[in-house]
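The values are calculated or read from the model by the stated rules, or taken from the named source; none is laboratory data. None of these values were measured; they are calculated from a predicted model. Here Cβ is always computed from backbone atoms with ideal geometry, including for glycine, and neighbour counts include all displayed protein chains. All accessible areas refer to the heavy atoms of the entire protein, side chains included, with ligands and DNA or RNA removed. Shrake-Rupley method; radii C 1.70, N 1.55, O 1.52, S 1.80 Å.
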Amino acid sequence: MTAMLTTTIKIKGMTCMGCVNSVKNALKNATGVIQVDASLNPPQAAVQYDQASTNIDLLKEAIIDAGFEVVDA
Ligand SMILES: [Cu+2]
């Protein structure tokens, strides 16, 4: 059984669509992620995920591991 949540994470360091795709792919490959929508303007990613398999900290970690920064709200 999945319990889906959606969160929007603000990201620092993306400068082009290649960066956006890097973030998108990093999140898509992370455990428990169902859907990702990332954009350059505003620089953020909307992530739909299964809260039984992952959490916001792990999602942020995937973004950081891909070489970008997370802006804490
Ligand atoms: Cu880029």
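Looking across Lys24, Lys28, one residue alone is within 9 Å of the chain's Cα centre (by Cα), within 16 Å of the ligand (Cβ to nearest atom) and open to solvent by 40 Å² or more (accessible area, probe 1.4 Å). It is Lys24. Starting from residues that are open to solvent by less than 90 Å² (accessible area, probe 1.4 Å), within 12 Å of the chain's Cα centre (by Cα) and within 16 Å of Ile64 (Cα to Cα), keep the ones in the range 1-18 and report whichever is farthest from the ligand (Cβ to nearest atom). Per the criteria, the residue is Thr8.
Any residue at all in the range 12-30 that is modelled with pLDDT under 95 and of a type outside the set (Lys, Arg)?
So far as the range 12-30 goes, no, none of its residues is modelled with pLDDT under 95 and of a type outside the set (Lys, Arg).
Can you confirm whether the range 35-53 contains a residue that is within 21 Å of Thr2 (Cβ to Cβ), touching a residue at least 40 places away in the same chain (Cβ under 8 Å) and open to solvent by 70 Å² or more (accessible area, probe 1.4 Å)? Looking for residues that are within 21 Å of Thr2 (Cβ to Cβ), touching a residue at least 40 places away in the same chain (Cβ under 8 Å) and open to solvent by 70 Å² or more (accessible area, probe 1.4 Å), one finds at least one in the range 35-53, hence yes. Figure legend. Inter-residue proximity from the range 1-26: first residues on the phi < 0 side of the Ramachandran plot and of a type in the set (Ser, Thr, Tyr), second residues open to solvent by 60 Å² or more (accessible area, probe 1.4 Å) and at pLDDT 95 or above, beta-carbon distance below 6 Å, spacing 6+ or different chains. Indicated pairs: Thr7/Ile56.
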